[in-house]
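**Student:** First, the structure itself, so that you have it in front of you.
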Amino acid sequence: MFLNLYTQNFKVFLSAVTVDMESLRNSVKQILLKAGIEIVEQKGDLTPGQLLDLMLSANCSMHILGSIDICDPDSGVYHTPPAQHYRTAKGIDSKDYKMFVWNPSGTINDNNQYVNIVRRDIDDNTIYSDITSPIVFVEELRSIMNVKPEVKAAHDAYDILFIYNSLDKDSAREITNMLGDLHKVVNLEINANTNTDYIEFIHTQLPLCKMGAVYFDFAGDWAIPFAQQVWKQTGGAGSSTPLFVAGNNSHADETQMKPLKKIIAYTINEKSIIPLDIKIYYDKLTGKNDTK
Amino acid sequence: MNAEICPYPGLRPFTEQESIFFKGRDMHIRQIIKLLEENKMAFITGASGDGKSSMVYAGVLPNIRAGFCKARFNGWLIADFKPQKNPFQSLCESIGRTIDMPKDETAAELKHGFSSLVDLYKKSDFYTDDDSGRNLLIIADQFEEMFTNSENFTNGKPSDESYITINLLLETIRLSIIEQLPIYVIFTMRSDFISQCTVFKNLPEYIAYSQFFVPQLKRNEIRQVIEQPAKLAGGSISPRLTEIIINNLNSGFDQLPILQHALNLLWKMADNGEQQMDLIHLAQIAGISSDTLSPSDKKLFDSWFETLPEYQRKYYETPSLNNILNAHAGILYESAYDYFMENAKWADKNITPDESKEIIETVFKSLTKTDNKRQVRNRCTINEITGIINKPHITNATVCGVINIFRTPENTLLQPFSVPGRLDTQYLSGDTVLDVTHEALIRNWKMLAEWAEEEESFLKDYHDFATQMNRWLQYDKDQQYLLTSGTFSYFQNWYLANRPNAYRFLKYDNTKNSFRQKLKLAQNQYENCQDFLEYSDLAIKAQETSKRRKLLTVITILAAFTVGLILLTGWAMRERENATNVAEYARQQADSALVQRERALKSQQIAERANTNAKIQKAEAQVQASIAKNARDEALRAKYLAERRRHEADSLKEIAELNLANAEFQKLIADDQRQRAEEQARIAKMANDSATRLYSVAMSNALAMKAKSPYGNEKLNLRIAYTAYLLNKRNNVTQNNAELYDAMLYSMELNDLIKPLKTTNEPIAAFTIDLADRIILITEKGRVIGYNVADKKAKEFFSSSSNNKELVKSAVFPSPNLVLYSTMGKNHYSINISGNDHTPKRLQSQGDYIKNAMLTPDGRFIVVAYQNGHISVLDVDDPDGRPEANLNLKTEIADIFCYGKSDVYILTKNATLQRWNFKSNNTVEIFSQPGVNAYAMTCIESKNLLAICFSKGDIQFLDLKTGTKESDMLGSHSRIEKIIYDRRTKYLAMLSQGNMISIVPSNSMKTKPLVIDDFMLHNFAVKNICFDSYGTIYVLTEESFIRYFETDINLYAEELAQMKINELTQEEYGVILGQSYSTK
């Protein structure tokens, strides 16, 4: 039930290597084929533009580092094929294109000090490994390349995503009625006894809103962990859409909100004041209260 | 960035509160929740240290609480337990706590096993027919304790308590599947115990049915574990550091704890996430060689490294991810003494640095043990550890103080963790159980690994020693079972090297006995050990002495025998000579006599020999007696010496205890004296502060009054008022001082910073503020106009046409979208503003003007009060239809207030308060005060109080339900005509006769109300007041201007600060007040 069957097809550009790595490269090539991965290689001379096109016809590139510097040690120029492949891959500006750099010796010694430079050069799309087994390395490559891209459903933009538990639906509706006069609000009622994938919905809808509001009256036990999970799933402090938790003071107190302190903004107030608090938070967020 | 938040917990597991930073297992959490939804149970197994508990507590549980597990109810009951030494008791305790039932009662309910747990749940208030019930989740964490604790599992056989616990849990799962009950069970267990589960009937089938083997994290997931928490907390980590960490992380044991610990230190090294975490930080925590850094980073590292003390540098010699923990613990070990001396205020500082290290060694040795050839943790109390240390001057206080550095929130290598500022978490009680936070520490701190090996070796020798000693005890301490000289020498060395005592033996007692019993047994064992060694020593010495004596005896005997032999030979030769002479003489006569003589001679020889032998035997017996006597004397002396030593030790102990008690008493006296001194100092400081404050207030008030004088320079007024405010604020005096407020308002008005809002030219009948802080008003011509307020100006955004033939006499806004009004001719209308149709709807006439109108809280009805005492309840959707209810009190109404679905509080002018339920048409008088008039009323809902204003400006606060007086205050010196309450700022605002407006916070009703403006001074009559959503008061005057006032003077001050208004200089101050005063 929980097996990843690695059904996604992808291509890997197998870079040229220094002479000491030729035999390993051939061995890896066979392993890649057995793993069901299509290989792209440079055959013959290519202009830089043609090389770039060829590399971009694959989804990722693989570079094997040996004890000989891929850069010409005398001139310091990247004109050797392995160095050209490495530099071209580094220059590809696409977050979907991955670059797998493999140092199979697993060590750095006097002979391959240049690996330190390569390691310091690692950026977001580079995966560096010094695993000694080529099988394990290819397994990792396959698992990294088999991450499914997120498909987001089309949703409309709103001012506020207003979330509440079905236990509090009556009072939540009174609040949304009041808020609805001022802002464009989309409601989400959470009921544990349904098949809706709420996280998926929030994932897609929240970034399209200016703020998310989690309201609770009786369902305080639900609201705090819920807000935490949503905060975590939607980027935390780095999220562009902040969350605001509002609790009815007839069933909540400050101690209950302690887990949210310094992480998520919240209020505890009378039910009738909560729309005002949400409005004020929204105004602050959008800079509206500065004009008075 | 919040410095208090570290998104990586270090060596300890994630708590439920930290679930927000628990990343990398999202898919596994969803899979476990799916298992629960489908199978009602999940049996989570995995290797030690792979985060099973974290996954349940920081992953599955928060998701379940957040409503991401499909279940019958929205709420959850969580009953979690660890089997510990009695799984049934642990289960009962947890279930009882969860459903609020005493533990004993729960145990009585559950002891019959099978459906007992399900029955208990079904009978509870949490299993309901409607949605208000709660699902039950049982978590059996660290289930391997069923096998690791000898109380639960001995010689391959589980205890009865284990059987009943398993029976209850499995049967609960079975019934919840069959009956579709919202009960779920999660088990977590180390996978190396899976084969032992077969001893429980049915358990293997259930495991196979719903097992979840925690997978090793894949590269992508480890990347999430590393990167996501930092991002969530607003920090970042460089891609190259992530890649290097992933690569250097060994797979298998301790992968995650090592990683989390390293990340925790990296975060702190990067200035609590203020900097991007990078390779240099990894090098600074001894996780990577500085040689791999870029030249610029290397330079930075080298200059930083030079600042480290010498003892720390050695930990950077072999950098690696695993070394980080070794270096961290090692540095703490080295610096524990200094930390103790500086921080352990409660402990005597009578130990040396070496003793501090010995204490740490003993603590960690006590907290580790060997189980199946693996070094694992072993919980111990502080009392036990102090007992093992066994030095009079080292008390629990010393032990706590020395090891505290391992328990701080920054280090968390030992638990329980201390909390800064909480002494009870630093100076722990003796029965507090200490535990190593994670076994990864034992495997990665080299020093601790060596100690653990030493402890294992000790234990092995102890077992050998105990075997021999027990045989001796078994045979009634028979001498022949004592140690021989070779083994004695070995065990004596072992004993002297380890100096074990009763507490150390106690550590290895795995029986079910109580602690007291165990301690008694260990004490016996300790005494037996001492006796065994002592008797063995005596026996060996006695044997050696005996051997020496025997040798001496043999030598003596041999010497005596030789001398005898020589003498006998001489005598025999002499006799033979005589006999030869006699024989010569009587050769012929005495042939037969010769034979007899020879026989006699032989007899004599035998007799002589016998005599000699007897003497020898006597001497030997005397020697033996002497040896035995010596041996007995020596034994008695040794015993006497031992007893004397014991008495001396007891006396020393008593003296030490007395000294300790005396020291504690002295400390108490000193503490008391210190507290008194501190109290006196505090009082003196308060008096001083108070004097300074009073002086400053006087100065502030003087300045405030001066701010209202003309200087021909309006800005100077502003600066004087602002300086007065700052003086007041710096001395933390009352927030809203009337003089100050007046000065601030005056000077701001003088500078045109506060201007009335100009709206329509038509006279205004009434106004209100809506949720968006817009002004909605109705003119006397019946036109409704809406204004946005921006940049201190009102801009019209909506206006209705005027259809009225008569002028409006009175109007009220029950809500911002609805206005009701009466015309001069006493005709009544309503206009709904929210829709497009603004045509007034005519209401049934009640013969007088509308006094007030309110919506019921559910928004369904409008309650309209007329001046003549008539009250009508109208349907919001059909206001011009027939009223839902009517009441005629036939006396003038002062005010009304709607509460609940259908209660209306009616205040009459003759000061009676009635509650009318318009559904049941039931009226009850709940309060009356003859002889006075009442004018206005409002409700403070958060306190269930009604505030009623009487003719002389006094206000009474009445309980909403009973009408009893709770408190009162003087709101004004004249009649209060209107009172309103702002639920957000919790301020009351009052409009008094004479057009004075004052405010008072409802949470300090003893405070004198602050008069914020007296409109008599402006010759303006005030028609109405209203709060906006920020607590600003809007005031409508008869000249149709709308003015606004902040309830909080700080808001004005902030505006002046933003305008960069300067304080008065010293010179200006002197000129204005005629004296010098420091405004700083």
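The values are calculated or read from the model by the stated rules, or taken from the named source; none is laboratory data. Every value quoted in this text rests on a predicted model; they were computed, and no experiment measured them. Neighbour counts are summed over all protein chains in view; Cβ atoms, including those assigned to glycine, are modelled from backbone coordinates with ideal geometry.
**Student:** Under the condition of being farther than 29 Å from B:ASN944 by Cβ, within 12 Å of chain B (Cβ to nearest Cβ) and modelled with pLDDT under 85, which residue from the range A:262-289 is surrounded by the fewest Cβ atoms within 10 Å (Cβ to Cβ)?
**Tutor:** A:LYS262
**Student:** Next up: Condition first: within 25 Å of the chain's Cα centre (by Cα), under 23 Å from A:LEU276 (Cβ atoms) and crowded, with 20+ Cβ neighbours inside 10 Å. Can you find one or more residues in the range A:176-187 that meet it? Quick ask: steps written out before the conclusion?
**Tutor:** Taking the range A:176-187 as the starting set, the residues that turn out to be within 25 Å of the chain's Cα centre (by Cα) are none.
Scanning the range A:176-187 turns up no residue that is within 25 Å of the chain's Cα centre (by Cα), under 23 Å from A:LEU276 (Cβ atoms) and crowded, with 20+ Cβ neighbours inside 10 Å.
**Student:** Another question about this same structure. Would you point out the residue of the range B:526-571, among those that are within 28 Å of B:SER603 (Cβ to Cβ) and surrounded by 15 or more Cβ atoms within 10 Å (Cβ to Cβ), that is nearest to the chain's Cα centre (by Cα)?
**Tutor:** B:ILE557
**Student:** Against the definition (within 14 Å of chain A (Cβ to nearest Cβ), under 22 Å from the mean Cα position of the chain (by Cα) and not in a loop (DSSP other than H, G, I, E, B)), how does B:PRO7 come out, yes or no?
**Tutor:** no
**Student:** Of everything in the range B:862-907, what is at pLDDT below 90 and not in a loop (DSSP other than H, G, I, E, B)? Give them in sequence order.
**Tutor:** B:ASP878, B:TYR899
**Student:** Among the residues of the range B:401-432, which ones are of a type in the set (A, V, I, L, M, F, W, C), in contact (Cβ under 8 Å) with a residue 24 or more places away in the chain and surrounded by 13 or more Cβ atoms within 10 Å (Cβ to Cβ)?
**Tutor:** Result: B:VAL402, B:ILE403, B:ILE405, B:PHE406, B:LEU413, B:LEU414, B:PHE417, B:LEU428.
**Student:** Considering B:ILE976, B:ILE926, which residue is under 23 Å from B:CYS1026 (Cα atoms) and hydrophobic (A, V, I, L, M, F, W, C)?
**Tutor:** Numbers: B:ILE926 fails: under 23 Å from B:CYS1026 (Cα atoms).
Only one candidate passes the filter, namely B:ILE976.
**Student:** Can I ask one more? Filter the range B:228-237 down to residues that are surrounded by 18 or more Cβ atoms within 10 Å (Cβ to Cβ) and either farther than 25 Å from B:ALA47 by Cβ or more than 27 Å from the chain's Cα centre (by Cα) (or both) and give me whichever is farthest from the other protein chains (Cβ to nearest Cβ).
**Tutor:** Among those residues, the one meeting the criterion is B:ILE237.
**Student:** Taking the conditions exactly as written (assigned by TED's automatic domain parsing to the domain that holds A:ASP121 and touching a strand residue (DSSP E or B) at 6+ places or on another chain (Cβ under 6 Å)), does A:HIS63 satisfy them or not? Steps first, answer last, please.
**Tutor:** Working: assigned by TED's automatic domain parsing to the domain that holds A:ASP121: yes; touching a strand residue (DSSP E or B) at 6+ places or on another chain (Cβ under 6 Å): yes.
Considered against the rule, which asks whether it is assigned by TED's automatic domain parsing to the domain that holds A:ASP121 and touching a strand residue (DSSP E or B) at 6+ places or on another chain (Cβ under 6 Å), A:HIS63 comes out as yes.
**Student:** Pull out all pairs, ordered by first then second residue, where Cβ-Cβ is under 7 Å, the residues are six or more apart or on different chains, the first lies in the range B:779-795 and is away from every other protein chain (no Cβ under 13 Å), and the second is assigned to a loop (DSSP other than H, G, I, E, B) and aliphatic (A, V, I, L, M).
**Tutor:** If the second residue must be assigned to a loop (DSSP other than H, G, I, E, B) and aliphatic (A, V, I, L, M), the pairs left are B:GLU780/B:LEU807; B:LYS781/B:LEU807; B:VAL784/B:ILE833.
**Student:** Output the strands (runs of 3 or more DSSP E) that fall wholly within the range A:1-70 and possess 2 or more residues being touching a residue at least 40 places away in the same chain (Cβ under 8 Å) and more than 17 Å from A:ASN146 (Cβ to Cβ), or say none.
**Tutor:** Values: elements: A:11-14, A:38-40, A:60-64.
By residue number, A:11-14, A:60-64.
**Student:** Six or more apart or on different chains, Cβ under 8 Å: which pairs go from a residue in the range B:655-674 that's closer than 17 Å to B:LYS349 by Cα to one that's not hydroxyl-bearing (Ser, Thr, Tyr)? Could you list them?
**Tutor:** Within 8 Å, the pairs are B:ALA656/B:PRO392; B:ALA656/B:HIS393; B:ALA663/B:ASP348.
**Student:** Okay, moving on. Filter the range B:939-969 down to the residues that are hydroxyl-bearing (Ser, Thr, Tyr) and within 14 Å of B:GLU925 (Cα to Cα) and list them by number.
**Tutor:** B:THR962, B:THR964
**Student:** Just checking, does the range A:49-60 include any residue being under 20 Å from A:PRO104 (Cα atoms), surrounded by 13 or more Cβ atoms within 10 Å (Cβ to Cβ) and in contact with a Phe, Trp or Tyr (Cβ under 7 Å, 6 or more places away or on another chain)?
**Tutor:** Yes, the range A:49-60 has at least one match.
**Student:** While we're here: Exactly one of these conditions fails for A:PRO225: (1) of a type outside the set (A, V, I, L, M); (2) touching a residue at least 60 places away in the same chain (Cβ under 8 Å); (3) facing chain B (nearest Cβ under 10 Å). Give me its number.
**Tutor:** (2)
**Student:** Shifting gears a bit: When B:GLU1067 is evaluated against the numbered criteria (1) touching a residue at least 60 places away in the same chain (Cβ under 8 Å); (2) exposed (fewer than 12 other Cβ atoms within 10 Å of the Cβ), which criterion, by number, is the only one it fails?
**Tutor:** Going through the list (1) touching a residue at least 60 places away in the same chain (Cβ under 8 Å); (2) exposed (fewer than 12 other Cβ atoms within 10 Å of the Cβ), B:GLU1067 breaks only (1).
**Student:** In addition: Is it the case, given these coordinates, that B:GLY67 is within 8 Å of chain A (Cβ to nearest Cβ) and either in a loop (DSSP other than H, G, I, E, B) or not charged (D, E, K, R) (or both)?
**Tutor:** The answer is yes for B:GLY67.
**Student:** What number goes with the only condition from (1) within 14 Å of chain A (Cβ to nearest Cβ); (2) in contact (Cβ under 8 Å) with a residue 60 or more places away in the chain; (3) assigned to a helix (DSSP H, G or I) that B:THR242 does not pass?
**Tutor:** Every condition holds for B:THR242 apart from (2).
**Student:** Based on this model, can you work out whether B:ASN513 counts as over 41 Å from the mean Cα position of the chain (by Cα), at negative phi, surrounded by fewer than 14 Cβ atoms within 10 Å (Cβ to Cβ) and outside the structural domain of B:PRO158 (by TED's automatic domain parsing)?
**Tutor:** Judged against the criteria, B:ASN513 is not a match.
Yes or no, residue by residue, for (1) assigned to a loop (DSSP other than H, G, I, E, B); (2) in contact with a helix residue (DSSP H, G or I) (Cβ under 9 Å, 6 or more places away or on another chain):
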| residue | (1), (2) |
| --- | --- |
| B:ASP435 | no, no |
| B:GLU455 | no, yes |
| B:ASP461 | no, yes |
| B:LEU483 | yes, yes |
| B:TRP494 | no, yes |
| B:THR511 | yes, yes |
| B:GLU527 | no, yes |
| B:PHE532 | no, yes |
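To keep it simple, each residue is scored yes or no on (1) free of Cβ contacts under 8 Å to residues at least 40 places away in the same chain; (2) buried (at least 23 other Cβ atoms within 10 Å of the Cβ); (3) more than 9 Å from every other protein chain (Cβ to nearest Cβ); (4) aliphatic (A, V, I, L, M).
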{"site": "B:GLN17", "(1), (2), (3), (4)": "yes, no, no, no"}
{"site": "B:ILE20", "(1), (2), (3), (4)": "no, yes, no, yes"}
{"site": "B:HIS28", "(1), (2), (3), (4)": "no, no, no, no"}
{"site": "B:ILE32", "(1), (2), (3), (4)": "no, yes, yes, yes"}
{"site": "B:ASN39", "(1), (2), (3), (4)": "no, no, yes, no"}
{"site": "B:GLY46", "(1), (2), (3), (4)": "no, no, yes, no"}
{"site": "B:GLY51", "(1), (2), (3), (4)": "no, yes, yes, no"}
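**Student:** If you don't mind, there's one more thing I want to ask. Every residue in the range A:247-261 that is more than 9 Å from chain B (Cβ to nearest Cβ), without any contact (Cβ under 8 Å) to a residue 40 or more places away in the chain and crowded, with 18+ Cβ neighbours inside 10 Å, please. Can you show your working first?
**Tutor:** Pass one, the range A:247-261, residues more than 9 Å from chain B (Cβ to nearest Cβ): A:247-248, A:250-257, A:260-261.
Next, from what is left, pick out any that are without any contact (Cβ under 8 Å) to a residue 40 or more places away in the chain: A:247, A:250-257, A:260-261.
Residues satisfying the conditions are A:GLY247, A:ALA252, A:MET257, A:LEU260.
**Student:** Hey, among B:LEU265, B:LEU332, B:LEU249, B:LEU256, which residue is outside the structural domain of B:ASP50 (by TED's automatic domain parsing), at pLDDT 95 or above and closer than 30 Å to B:VAL214 by Cα? Explain how you work it out, then say what you get.
**Tutor:** Working: B:LEU332 fails: closer than 30 Å to B:VAL214 by Cα; B:LEU249 fails: at pLDDT 95 or above; B:LEU256 fails: at pLDDT 95 or above.
On inspection, the qualifying residue turns out to be B:LEU265.
**Student:** Wholly within the range B:914-980, which strands (runs of 3 or more DSSP E) include no fewer than the required count, namely at least 1 residues that are among the acidic types (Asp, Glu)? So that I can check it myself, show each step before the final result.
**Tutor:** Working: elements: B:922-928, B:934-940, B:945-950, B:954-959, B:965-970.
Passing ranges, in order: B:922-928, B:954-959, B:965-970.
**Student:** I've got another one for you. Please specify each residue of the range B:466-525 satisfying the condition of being more than 22 Å from B:ILE388 (Cα to Cα) and hydrophobic (A, V, I, L, M, F, W, C).
**Tutor:** Once the filter is applied, which keeps residues that are more than 22 Å from B:ILE388 (Cα to Cα) and hydrophobic (A, V, I, L, M, F, W, C), the range B:466-525 yields B:TRP472, B:LEU473, B:LEU482, B:LEU483, B:PHE488.
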